[in-house]
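Written out below as structure tokens is the structure these notes cover.
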Amino acid sequence: VAGPIMRSGDLIPQFHREHHFNPRLFREGLFFLTMGMVKKVVFADNLGAYATRVFDDPAAFNTLSNLSSVYAYAFQIYFDFSGYTDIAIGCGRMMGFEIMTNFNLPYLAHNMRDFWRRWHISLSTWLRDYLYIPLGGSRNGRGATYRNLMITMALGGLWHGAAWKFVIWGTYHGVLLALSRARTALF
């Protein structure tokens, strides 16, 4: 569910290959599986418990605790998704399957465009290829480009859940992407 979302052309041929036990792939897979479990169980779950406690009663906590809970939540999401992905990559590798990298240190991104190239890479690529480009991408001027970014991200938000908060979240990211692109165009 958390990804990566593999293209059928990349995954299905791997099912038709003969797979034999490979100690190197098994060790690599075990490493990814372990890292994924640590990200999920040690980091995500503990950060999530802290963030939830503060979010449930923010008035009971000071400003620093409220701010740190926002960061805890951001890292909880990263470690959850990245952890699940590493578990999938590890299990696949242990069985001889190559599953794509899905997170590439997104919180070290230089701007929103770079962030979305690093965060849930398979979903970002899917949104680009199946929504943004068919809408016209960046072919019809800046205004159309910004509109297409916002529509794509709003629909990406809807993909996360059928609720207005997800559409608003997606639209917000679309606005940030448009602003990031506009800033790049100016400089």
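The values are calculated or read from the model by the stated rules, or taken from the named source; none is laboratory data. Predicted model only: the values in this text are computed from it and were never measured. A quick note on method: Cβ atoms are made from the backbone with ideal geometry, for glycine too, and the neighbour counts reach across all protein chains shown. In case anyone asks, the SASA skips ligands and DNA or RNA and just uses the protein heavy atoms, side chains included. Shrake-Rupley method; radii C 1.70, N 1.55, O 1.52, S 1.80 Å.
A 1.4 Å probe over all protein chains sorts T34, T85 by accessible area into T34, T85, starting with the largest.
Compute, for the chain, the length of the dipole vector about the Cα centre, with Cβ point charges of +1 (Lys, Arg) and -1 (Asp, Glu) only. Units Debye, rounded to 20. Mind dumping the intermediate values first?
Details: 18 positive and 11 negative charges, 134 e Å.
Value, rounded to 20: 640 debye.
Roughly speaking, what is the centre-to-centre gap between segment 111-132 and segment 38-75 when only Cα atoms are used, to the nearest Å? Answer, in whole Å: 26. The residues neighbouring F97, those whose beta-carbon lies less than 12 Å from its own, together hold a net charge of -1 under the Lys/Arg +1, Asp/Glu -1 convention.
Positive end of the dipole of the chain (Cβ unit charges, origin at the Cα centre): among P106, G3, Y132, the Cα lying farthest that way belongs to Y132.
Could you work out [θ]222 nm for the chain from helices alone, using -39500 (n - 2.57) per DSSP H run of at least four and dividing by all its residues? Round to the nearest 500 deg cm²/dmol.
On the way: 8 runs with 124 residues, N = 187.
Calculated mean residue ellipticity at 222 nm is -22000 deg cm²/dmol.
Restricting the trypsin sites (Lys or Arg not before Pro) of segment 1-35 to loop positions (DSSP other than H, G, I, E, B) with no more than 16 neighbouring Cβ atoms within 10 Å leaves R7, R17.
Here the scattering of the chain is modelled by Debye summation over its C-alpha atoms, one equal scatterer each and no solvent; at q = 0.12, 0.14, 0.17 Å⁻¹ the log10 of I(q)/I(0) is -0.72, -0.93, -1.18. Extension gain for T101 to D45 (0.36 nm times residue separation, less C-alpha to C-alpha distance): 17.9 nm. Estimated at the nearest 10 Å², the accessible area of I12 is 90 Å² with a 1.4 Å probe.
Quotient of the Cα radius of gyration of segment 2-105 and 2.2 N^0.38 Å, N being its number of residues: 1.38.
Roughly how many debye, to the nearest 20, is the charge dipole of segment 49-118 about its Cα centre, given +1 on each Lys and Arg Cβ, -1 on each Asp and Glu Cβ, and no other charges? Don't jump to the answer; show the numbers that get you there.
Working: 5 positive and 6 negative charges, 45 e Å.
Roughly 220 debye for segment 49-118.
With contacts taken as Cα pairs under 8 Å at a separation of at least 6 residues, segment 84-160 carries a relative contact order of 17 percent.
Sorted largest first, the principal axis extents computed over the alpha-carbon atoms of segment 132-187 equal 35, 23, 12 Å.
Could you pull out the chymotrypsin sites (Phe, Trp or Tyr not before Pro) across segment 1-72 that fall in loop regions by DSSP (anything but H, G, I, E, B) with no more than 11 other Cβ atoms inside 10 Å?
Numbers: sites: F15, F21, F26, F31, F32, F43, Y50, F55, F61, Y71; in loops: F21, F61.
Listed in order of number, the matching sites are F21.
For H16, the accessible surface of its heavy atoms amounts to roughly 150 Å² (probe 1.4 Å, protein chains only, rounded to the nearest 10). Among the helices of the chain, those built from whole DSSP H runs whose Cα atoms reach 18 Å or more along their own axis and whose mean Kyte-Doolittle hydropathy is at least 0.5 are 23-37, 164-186.
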